[in-house]
Structure formats: C-alpha cells, structure tokens
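Visitor: First, the structure itself, so that you have it in front of you.
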Amino acid sequence: MGLSISVLPALRRFFVPFLIALVLLFVGVIVFYNFLLGDKVLLYKDIGADSINDSYLYFVHLSDYIRREGFPSWSFYVGMGQSLFYLTGNLIWEPVIWLPRELIARALVFQHLLKTLIAGLLFFRFLQLRGLHFCASLLGSLLLAFSSYMCVGSCWIINADEIVGFTFLLFAVEEAISRTPWVYIPFAVALIGLVTVFHLYLSAVFLCFYVPARLFEIHGWRPLDLSHVCARLAAVAFLGIGLAAIICLGSAYSIVNSPRGSGTIANFTWGPTPSLFQLESPLYYVTAALRPFSTDMLGTGEEFRGWENYFEAPMSYCGLLSLLLLSQVFIGATGRQRILYSLFLGLIVVPIVFPWFRYLFWLFQGGYFRAFSLFSIFAIITLSMTALFRYTKRQGLNLWTLGTTLLVLLGVLYSPINEMHAPVNHELRQTAAIFLTLYAALLITGQIVKRQNIVGWIIVLLAAVEVIHFDRITVNRPTVTKQELNERIGFNDETTDAVHDIKASDNSFFRITKTWGSGPATRPSYNDAMVFGYYGTLSYSSFNSLNYIKFLLAVDAISSADIAVDAQWSPGLVGHPLLSTFACEKYVIAKDPVPADVPEHFEFVRRYGSIYLFRNKWFLPFGLAFDRYIPENIFLQLPSWVKPQALLHAVVLSDQNAAHKPELLQLTLDELKKQMSEISIPDALTERRAVALSIHSFRQTQIDGTIRVNQKGIVVFQTPFDSGWHAFTDGRATPTLKVDAGLLGVALEEGEHRVELRYRPPLLYAGAAVTLLSCSILFFGLWKWPRIRLRNWRHLKPLAAKKLRCERSRENPRRLME
C-alpha cells in the first residue's frame, strides 16, 4: 500500500506533461503537415526571405565551421572577414547546426516543433503554479504555443527563441515566488542572453514589471518585505548574466562594434522618434485593432496590406477566446488584483496608442512590436485563462459584460473604417465572427445549465480547431520545396561546380566576386559565400563589422545617403573592379560573358551552364607592404575615382596612428598625383606583389607567412580591424593598427620577417573567469539559501503558499505531516 502511494504521484507527474506534449504535437503536426509529410521546408521565398538569406545560410556555415575549425570565431566567409563569436549561443538555441549541412533544411520544421513543445510545457506549468487547473492551463499552453508570435517564428527564428526563453523565465520566477528553489532563474537569464546580449535588457524589463506585481498580488502592499525579496531575486537574475559571461562579454563586443550596436547608424526601418503624445496613421490603428483576430486578417506574406509589413506589424493573435474573456478577469477579482490587471492592460494599450512609449521600451532604437507583442501575449493569455479557470469553478461570468464584449469585438471586425484604410480578408473575418459567437454561446449555455466544466473542455477542442485553421494560413506561404533542394537551382546551381574546380586548382588565399545572388527568394541573397564556400565581400547581417562598413564608406563603395540599408545589406566591393582587386579578388563568376567596366584585365576560364568563370589578371595577394602613408582626413576628401588607385601607392593612417609612426613618410597630394600619372595601374600592382606576404599556412583564425620589406613600413591585411587579432613578428608580439579607415595593419622594421596572425575573441578569458566565479557563487547560494522567502513568512498566509501546499498534499498525503 505504501509503495502504491509513493508511485502514483510519480506516475502523475510524468503522465500530465506527457499528455500535454501529445496534445501540442498533435496540433503541431496538423498545422505543419505540409512540412512534415508534404514537399515544403521552412525556407520562405516571400517577405520571410530572411529564413533563406540569413538564418539558413548561417546555420549551414556554422555547421561547416564547427567541423573544420571548432568553436565559432573569425570567418573570412562573412563580408571581408568578421567574428562569428556573437552567434555562439546558436549552438544551443538552434540544434540543427550540429547536423550535416545537407540535412538542415529538412530538419528546420522539427526544430520549430521542439521549441513549440518546450514553450507549451513551460507555460502550462507556469499557469499551474498560478493556481489554474488542468483545463485552463492546457488551453493557455495551446494558445501560446500556436500564437502568431510562435507561428511567425517558424520563419523568423528569433521569435521562437524569444518565446521559449521568456516562457522559461516566467516559469522560473513563478517557481521561486512559490517558495521553491530559485535555481531556474539564473539559467533562464543565461539562456536568454545567448539569443543576443540585448535580450538581457529585455529580461530586466520583464522582471522589473512582473516580479513586484506578482508579489504585490500575493502578499499585498508590504514595501520593505517585497523590496527585500525583489533585491534577492535581482541578485539571482544577475547571477545568470555571470553564467553566460563566457559568451556574452565577447558577444557584446561584437555587437557594440557593429553599425547598429554602436548607435552610429540607425535601423533602416524606423524614422525619427515621435513626440510624447504623437499619434500614428489611421492604417496603423486599423492594423493594431484587427491583427489580434488573426495574423492574416489584412493579408498574408507579400499580400499584407496593413501598417509596415507582415513581420513588423503587431503580432498579437493568441486565440479569439482570449479577447472575449479578457474583460471577465475583473469579475470576482480582489481590489489589488483589479489594480494590477488594469495596470498591465494599460501597459499594453498605451504604447500602441502612443508610439513614443514603444520607442521608450526599445531605448529609442526603433519602434518594434516584437518583444512588446510577446509580453502582451503573456499578459492577455494569463488573464483570460484566469477568467476561464473561475468560470469552470462555477464562479460565473457577467453575462452582460460578455455580451457587450462580443458586440464590441464584432463591431471592430465589421467597422466600415477598416475597409477604408486596408483591405480586410472577408473570409477570415467571417470565420472569426463565427468562432467568437460560438465561444459566447457555449459560455452562456454552460453557465445557465451549470455545466461549466464540460463546456470548458468543449472550448479547448474548439480553440484547437481555431488555431489550426488560422495558423495553417500563416505558415503555408510560398516556400522552397524538398524537390527544389535536389535540383540544380538556388544554392545548388552551377556555382557549386565552379567553386569546386577553382579550389581544386588553386590553394592560395583569394576572393571571388559573384555578380548575382543564387537564393530562391524574392529578395536577393548577399551571403552566398557561406553556403558555396568561397571568400567574397558581400554580407547581409544585422551586425556587420563596423570597421568593414567604415572601410566601404571611406572608399565610396557604399553611399552615406543609403547607409542605413547598406550597413546591413552590404554590397561589398561588387561593381568596383580596382577595389575588388585590392581586396584579393582573383576570380569572377558572372552570368554575363563579358565582365563589366574593365574587361581587359579579366581572362575567360570556363563556362558552367549559364554562368561564366573569369580570372582577374591584376590579382593582389593578402598582405601588402607600404612605406608611405596618406592622412585619413585627406584620403576621405579625394574623388571617388582616385581612392582605389591611392590605396595602391600608400597606406591610409588616422592622425593617431600616424603620430605613433613618424618614421613613415607622408605622401602628399602632389606626390600622389605624380605617381598616378607616371606609374600605370599594372605597374603599381606589380610593385605591390613584389612586397606582399607569402602565406605558408592559412586557417580562419591563424595565418603564418613571411615578408621582406626594404625599409620600415606597414603591412595592410585586407580584412577588417578587430582587437581580437594578435600579431607576432619573428615570434615577438607586435601591436596591430587600424589602417585604410577600417582594415588590419601591422608595422614592420626593415628586413625579412616571419609574420603570424592569431585571432582570439575579445574578452574570452575575462568572460570565462566571470562564468567560473558565477558557477561557484551559484553552488554556494544553493547550499546556503535554497529558497527566497519573505521575512516573517510563517506569520503570513499568502495565496501562493496555500495553493502550493494544497497541490503537494494532493500529490503525496504524507507531506501534510511535514
């Protein structure tokens, strides 16, 4: 008998999550049926082209990188070279990276379903910790796991990562507040920090609002006691930053040293910050009003006709029942609960009505709806499921309020103002109206016949049908097919053969210029180098190297007028033959049989189907020595056509670097003009090759070679400057310099030298030390203070403690004696 009493709770603890997982997987399989058993893969060709042009290519590149090089570090496959260290967290968040590259595309749907499952299970447990019963918790987990935020996350990967990370944080905080160990909090914060370092700020915002509000809801207004608990929870959360420091510190360096992270270049999407109470356009408010009814109410993908675009617009759909029951949460609530619920709803509504507050949420770096929509969804689902829980416990709904809410929602759906500002999907509108009416009818019927519990389960079934119907529209947009993955198109076109033949016959360091993007999406791909395996100069990344962009700006390869776009979709040096030559371009792959601009210095090599391979006869190797310099401020004033030639005659130094190298002679404008008139470009290139680095071994993070210079000078390495690069000359450490407005340079004395370059992510050792210290503090804290409690806890009877005790007593009657 004693054995059965101890076994049953264990079986129950296993069976409940297993049942929830089955429900979530069942719905997920139906929603993603065409991806699991059909011909689609989660690579979208429409506005979701980031799934192809960004996420997929980085996954493939990281998959190759960890097999060939190990831990993500410097990569010459990104732009002119860049650190990948800030993507290290993807090794945890995106498990498809560990697969061979040929399996990644097909595995994306399984990765997304795994995240859906994890988010749903964690949110189910969170709702249970808040005292909600099985039915309401199950429905809440279903609505979150298949909300618009999660379904759009099947395309924009970061959405799915955010929903898993912040759901874990919700669960972790609720566990700590419910008098159970706080150990989950630091791990939740650490994992969120691995998404991007900026997400640590979002975590802080989230905790600053939720923790005090939740403690006040449970214990009432006890400022000193509550502040004591908040301070300890804050310390625990801060410990999570320390756990992730081994990655986060170096990642922060990479992000800060990017155009967006440094704040020097704004995001292209957003204009100036609006004034405090400035309103938006009518289309904006129509979009904000209709998108909670369905992600696709105003169109799907490229057909979206709402504010901004399909991704940037509010992603607030989380089930129609949530909209219908939200007002009911105030019925039967205590006074302080009503205050808190009103506060949270105000925090949702005010930033929508007045965009300035949303810009404030993002520290005035943009007006995104992304994480703001997620936090709103958390609040809406939690409050509406609380109302459903009370309903199934026969506390009753206010039917007048329910009827009024239904009429208001139908009024918003069928408002003629909507039609004037954006074309509404009439079929979806009718479907939403039918679901809303059915929910209201079921709720009213259940209350009248006093069968609320049975009605609750019927509503769960109906909600599952609803999310399946709406989400299938969201996810089944134009995508790459499994058949296309095997055809000679896209990232499997003839470029593969051309690059293979080049590498088979040439093992030197060189770059390839590819004049078009092979990506199958409607938007051009800039990261082909990562999937085809060659070095280029193009790059599409939200965090391109700041020095890479500064170099492109300095040589007028990109325009300051378009910098907000070009800093992310960087065209590199394509279309600038002499600059490409300076940057080690040796081959050109083009669809045009005659290279543009200067065909005389290209020689035809071979044709591959519809593409042509050319060799650049003017090729310059990696590592060029100069004994003269041009001040940077003078170089920036040169005409655009002069700058490429100037780079062949002298190194460009800022005032700071020039002051430290007085032995270098300055090349005046008159001297530069004379050299350009007397020395032809081919002759200048010949001079540069004569004093170039001879590479003996080359890896992504380690380059060894020899060079002979006739007098003191500086060697320019055609890759962006980064403080992670360390130079050694004849075995002795040598300082690195930023030259040519953003490239890497090393000063050398006269004579022959062995030069070594080693790359180590900045702050790696400091981060490792902080992580080690944080782990020690974590273990000590768990031993010394396993739980965080209010002072004088035993004199209080908080709601959470009572509910937790009741729950434990149901699981094991013996605990009543403890």
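The values are calculated or read from the model by the stated rules, or taken from the named source; none is laboratory data. Since we're looking at a predicted model, the values are computed, not measured. Heads up, the Cβs are rebuilt from the backbone with ideal geometry, glycines too, and the neighbour counts pull from every protein chain shown. Accessible surface is based on the protein model in full, side chains and every heavy atom, while ligands, DNA and RNA are left aside. Shrake-Rupley method; radii C 1.70, N 1.55, O 1.52, S 1.80 Å.
Visitor: Among what's in segment 223-240 and is closer than 30 Å to Ser542 by Cβ and in contact with a helix residue (DSSP H, G or I) (Cβ under 6 Å, 6 or more places away or on another chain), pick the residue that is surrounded by the fewest Cβ atoms within 10 Å (Cβ to Cβ).
Guide: Leu239
Visitor: Kindly indicate whether any position in segment 488-495 is closer than 15 Å to Met80 by Cβ, in contact (Cβ under 8 Å) with a residue 40 or more places away in the chain, part of a helix (DSSP H, G or I) and under 28 Å from the mean Cα position of the chain (by Cα).
Guide: Scanning segment 488-495 turns up no residue that is closer than 15 Å to Met80 by Cβ, in contact (Cβ under 8 Å) with a residue 40 or more places away in the chain, part of a helix (DSSP H, G or I) and under 28 Å from the mean Cα position of the chain (by Cα).
Visitor: For segment 383-414, which residues satisfy the criterion of being free of Cβ contacts under 8 Å to residues at least 24 places away in the same chain and not in a helix (DSSP H, G or I)?
Guide: Within segment 383-414, just Tyr414 meets the criteria.
Visitor: Moving to a separate point now. Go through the residues of segment 293-316 one by one and say whether even a single one is assigned to a helix (DSSP H, G or I), polar (S, T, N, Q) and either without any contact (Cβ under 8 Å) to a residue 12 or more places away in the chain or open to solvent by 20 Å² or more (accessible area, probe 1.4 Å) (or both).
Guide: no
Visitor: Oh, and also: State yes or no: is Leu129 hydrophobic (A, V, I, L, M, F, W, C) and modelled with pLDDT under 95?
Guide: Taking the combined requirement at face value, the residue satisfies it.
Visitor: Next question. Can you report the number of residues in segment 704-723 which are more than 42 Å from the chain's Cα centre (by Cα) and either among the charged types (D, E, K, R) or outside any strand (DSSP E or B) (or both)?
Guide: Count: 4.
Visitor: If you don't mind, there's one more thing I want to ask. From the list Leu744, Leu737, Leu757, which one is touching a helix residue (DSSP H, G or I) at 6+ places or on another chain (Cβ under 6 Å), assigned to a strand (DSSP E or B) and in contact (Cβ under 8 Å) with a residue 24 or more places away in the chain?
Guide: Being touching a helix residue (DSSP H, G or I) at 6+ places or on another chain (Cβ under 6 Å), assigned to a strand (DSSP E or B) and in contact (Cβ under 8 Å) with a residue 24 or more places away in the chain holds for just one of Leu744, Leu737, Leu757, which is Leu737.
Table: residues versus (1) over 45 Å from the mean Cα position of the chain (by Cα); (2) loosely packed, with under 12 Cβ neighbours inside 10 Å.
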residue	(1), (2)
Ala650	no, no
Gln656	no, yes
Leu664	no, no
Glu671	yes, no
Met676	yes, no
Ser680	yes, yes
Arg688	no, no
Val691	no, no
Gln702	no, no
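Visitor: Of everything in segment 578-604, what is surrounded by fewer than 17 Cβ atoms within 10 Å (Cβ to Cβ) and not acidic (Asp, Glu)? Give them in sequence order.
Guide: Lys591, Pro593, Val594, Ala596, Val598, Pro599, Phe604
Visitor: Still on this structure, I have one more. Applying the selection to segment 522-547, what residues are open to solvent by less than 30 Å² (accessible area, probe 1.4 Å), of a type outside the set (S, T, N, Q) and over 29 Å from Asp501 (Cβ atoms)?
Guide: Selection gives Leu546 alone.
Visitor: May I pose another question? Filter segment 154-208 for residues that are polar (S, T, N, Q) and within 28 Å of Thr295 (Cβ to Cβ); which is modelled with the lowest pLDDT?
Guide: So the residue we want is Ser154.
Visitor: Could you please let me know if Arg336 is over 20 Å from Gln278 (Cα atoms) and surrounded by fewer than 19 Cβ atoms within 10 Å (Cβ to Cβ)?
Guide: So Arg336 passes the test.
Visitor: Also, I was wondering about something else. Confirm whether Ala433 is closer than 26 Å to Tyr285 by Cα, touching an Asp or Glu at 6+ places or on another chain (Cβ under 9 Å) and of a type in the set (A, V, I, L, M, F, W, C).
Guide: no
Visitor: Please go through segment 27-57 and give me each residue that is under 22 Å from the mean Cα position of the chain (by Cα), open to solvent by 10 Å² or more (accessible area, probe 1.4 Å) and more than 17 Å from Thr481 (Cβ to Cβ), ordered by number.
Guide: Ile47, Asp50, Asp54, Ser55
Visitor: Hey, another quick one. Can you give me the number of residues within segment 552-581 that are hydrophobic (A, V, I, L, M, F, W, C), in contact (Cβ under 8 Å) with a residue 40 or more places away in the chain and not in a helix (DSSP H, G or I)?
Guide: So the count comes out to 5.
Visitor: Could you list, in sequence order, all residues of segment 582-595 that are more than 17 Å from Thr686 (Cα to Cα) and either within 37 Å of the chain's Cα centre (by Cα) or assigned to a strand (DSSP E or B) (or both)?
Guide: Those that are more than 17 Å from Thr686 (Cα to Cα) and either within 37 Å of the chain's Cα centre (by Cα) or assigned to a strand (DSSP E or B) (or both): Tyr587, Val588, Ile589, Ala590, Lys591, Asp592.
Visitor: Follow-up question, since we're still on this one. Could you tell me whether segment 97-107 includes any residue that is surrounded by fewer than 21 Cβ atoms within 10 Å (Cβ to Cβ) and at positive phi? Reasoning before the result, please.
Guide: As a first pass, look at segment 97-107 and keep what is surrounded by fewer than 21 Cβ atoms within 10 Å (Cβ to Cβ): 98-103, 106-107.
Keeping just the survivors that are at positive phi gives none.
Within segment 97-107, none of the residues are surrounded by fewer than 21 Cβ atoms within 10 Å (Cβ to Cβ) and at positive phi.
Visitor: Check Ile417, Ile380 and return the single one that is modelled with pLDDT of 95 or more, open to solvent by 10 Å² or more (accessible area, probe 1.4 Å) and in a helix (DSSP H, G or I).
Guide: Unique residue meeting the criteria: Ile380.
Visitor: Now, a different point. Pull out all pairs, ordered by first then second residue, where Cβ-Cβ is under 7 Å, the residues are six or more apart or on different chains, the first lies in segment 125-152 and is closer than 24 Å to Gln452 by Cβ, and the second is hydroxyl-bearing (Ser, Thr, Tyr) and in a loop (DSSP other than H, G, I, E, B).
Guide: Leu129/Ser178
Visitor: Of the residues Arg615, Arg607, which single one is in a strand (DSSP E or B), open to solvent by 10 Å² or more (accessible area, probe 1.4 Å), under 27 Å from Arg708 (Cβ atoms) and without any contact (Cβ under 8 Å) to a residue 60 or more places away in the chain? Steps first, please.
Guide: Numbers: Arg607 fails: under 27 Å from Arg708 (Cβ atoms).
Being in a strand (DSSP E or B), open to solvent by 10 Å² or more (accessible area, probe 1.4 Å), under 27 Å from Arg708 (Cβ atoms) and without any contact (Cβ under 8 Å) to a residue 60 or more places away in the chain holds for just one of Arg615, Arg607, which is Arg615.
Visitor: Still on this structure, I have one more. Scan Arg708, Arg732 and give me the residue that is touching an Asp or Glu at 6+ places or on another chain (Cβ under 9 Å) and either at pLDDT below 90 or basic (Lys, Arg) (or both). Lay out the reasoning, then the answer.
Guide: Working: Arg732 fails: touching an Asp or Glu at 6+ places or on another chain (Cβ under 9 Å).
It is Arg708.
Visitor: Can Cys151 be described as part of a helix (DSSP H, G or I), buried (at least 20 other Cβ atoms within 10 Å of the Cβ), at pLDDT 90 or above and not β-branched (Val, Ile, Thr)?
Guide: Answer is yes for this residue.
Visitor: Can you tell me how many residues in segment 628-648 are part of a loop (DSSP other than H, G, I, E, B) and open to solvent by 60 Å² or more (accessible area, probe 1.4 Å)?
Guide: 5
Visitor: Hey, another quick one. Could you name every one of the helices (runs of 4 or more DSSP H) located completely within segment 159-257 that has at least 1 residues being of a type in the set (D, E, K, R), more than 30 Å from Gly366 (Cα to Cα) and touching a Leu at 6+ places or on another chain (Cβ under 7 Å)?
Guide: It comes to 198-219, 223-243.
Visitor: Just to be sure before I move on: is Trp362 over 35 Å from the mean Cα position of the chain (by Cα) and either without any contact (Cβ under 8 Å) to a residue 40 or more places away in the chain or farther than 29 Å from Phe206 by Cα (or both) in the structure I sent?
Guide: So Trp362 fails the test.
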